[in-house]
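Participant: Below you will find the structure I want to go over with you.
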Amino acid sequence: MPPLDFLLEPLQYEFMVRALVTTTIAAVVCALLSCWLVLMGWSLMGDAVSHSVLPGVVLAYVVGAPFALGAVVFGVGAVALIGVVRGRGRIREDAAIGVVFTSLFALGLVLVSVTPSQVDLGHIVFGNLLGVGVADVVQVLVVGAVVVAALLLKRRVLVLVAFDPTHAHAVGLSPRRLEALLLGLLALTSVVALQA
């Protein structure tokens, strides 16, 4: 068998094509967002939000809502909770992230263990790439497009806030609002990655 045929053979199956498209979209979105997360000093934040969506996924399963909705709600909630913990006390940002994401992940594990289900909720959290349906691909494409569009439209001000928030504030920008936007995009990206 020629090497090119060997590489292209899996693409004859629709599930493989859907898996490849979903992975490619998730990779592009995560790569773009990670640049700003590193510039802002929030490298751990992506890991925190991705673990914090577990209770949202379980609760969405319990009430029969889409898993992505529960993930978005808990992703945004985790980001807000990290901000509250960091702002209310003398706790450093990395400690606040650690406290919130371990607490929410532990809550998710407790909910998984007490929730009777026909579906292995671990597969939902860790992904089942070969089981991605057409609706999942469309959802990933729409959410990914929103995140990429927002990052590209706000790229200059995000770079300014990342490098010099004081100057950004002096020229009339709101660093807090832009940081909130970036964290909201992170929560949406976690939903994209959850599907992949």
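The values are calculated or read from the model by the stated rules, or taken from the named source; none is laboratory data. Only a predicted model underlies this, so the values are computations on that prediction, with no experimental measurement involved. When we count neighbours, we look across all protein chains shown, and the Cβ atoms used for this are built from the backbone with ideal geometry, even at glycine. We work out accessible area using only protein heavy atoms, side chains counted, and drop any ligands, DNA or RNA first. Shrake-Rupley method; radii C 1.70, N 1.55, O 1.52, S 1.80 Å.
Participant: Indicate the helices, whole DSSP H runs only, in the chain that combine a mean Kyte-Doolittle hydropathy of -1.0 or more with a Cα extent along their long axis of 24 angstrom or more.
Facilitator: Span-like helices here: 14-40, 67-88, 93-114, 134-153, 175-195.
Participant: Skip the ligands, DNA and RNA, and give the accessible area per residue of segment 1-78 with a 1.4 Å probe, whole Å².
Facilitator: Values: 4150 Å² over 78 residues.
That works out to 53 Å² for each residue.
Participant: With all protein chains present, how much of the accessible area of the chain (probe radius 1.4 Å) comes from carbon and sulfur, to the nearest whole percent? It would help to have the intermediate numbers written out before the result.
Facilitator: Working: 7600 of 11060 Å².
Solvent-exposed carbon and sulfur of the chain make up 69 percent of the total.
Participant: Counting only trypsin sites (Lys or Arg not before Pro) that sit in a DSSP loop (anything but H, G, I, E, B) with at most 13 other Cβ atoms within 10 Å, what is the longest stretch of the chain containing none of them? Don't skip to the answer; put the middle values down first.
Facilitator: On the way: sites that count: ARG90, ARG92.
Longest site-free region, per DSSP loop and neighbour criteria: 93-196.
Participant: Also: Roughly how many Å is it from the Cα centre of segment 1-78 to that of segment 158-185, as a whole number?
Facilitator: Value for the Cα centre distance between the two parts: 26 Å.
Participant: On the Cα set of segment 49-105, report Rg and Dmax in Å, please.
Facilitator: 12.1, 40
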